[in-house]
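Heads up: the structure comes next, in structure tokens.
The values are calculated or read from the model by the stated rules, or taken from the named source; none is laboratory data. Just so it is clear, the model here is predicted, and its values are computed rather than measured. Glycine gets a Cβ as well: all are built from the backbone with ideal geometry, and neighbour counts include every protein chain shown. The protein model used for the area step is the full one, side chains on, heavy atoms only, and it has no ligands, DNA or RNA in it. Shrake-Rupley method; radii C 1.70, N 1.55, O 1.52, S 1.80 Å.
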Amino acid sequence: MPKTTPVEFFQQVSAETAKVVWPTRRETLITTAMVFVFVFLASVFFFVADMILRVGVTWILGYGQ
């Protein structure tokens, strides 16, 4: 593979950077909101799963009698 000079490298980097499509402010806000919603839903799911497992293990092992 031929070596590139620093000037060619920065020209290639500039060309690739020009191809990047940045999200709009609205897209960023919607994506951020979706992340928060899914984090909340995952935390509720794991909380409920933890409570069910705790009750099941407590019942099986007979703690609290």
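Counting only alpha carbon atoms, the long axis of helix 25-61 and the longest principal axis of the chain meet at about 30°. Protein heavy-atom accessible surface, 1.4 Å probe, per residue over the chain: 101 Å². Taking all protein chains as they are arranged and a probe of 1.4 Å, the heavy atoms of MET34 leave approximately 100 Å² accessible to solvent. From helices alone, the chain scores -27500 deg cm²/dmol at 222 nm; the rule is -39500 (n - 2.57) for each run of n ≥ 4 DSSP H residues, then divide by the residue total. The trypsin sites (Lys or Arg not before Pro) of the chain that meet both conditions, a loop assignment by DSSP and at most 15 other Cβ atoms within 10 Å of the site Cβ, are LYS3, LYS19.
What does the charge dipole of the chain about its Cα centre add up to, to the nearest 20 debye, if the Cβ of each Lys and Arg holds +1 and the Cβ of each Asp and Glu holds -1?
The calculated dipole for the chain is roughly 80 debye.
A convex hull fitted around the alpha carbon atoms of the chain yields 192 Å³ per residue.
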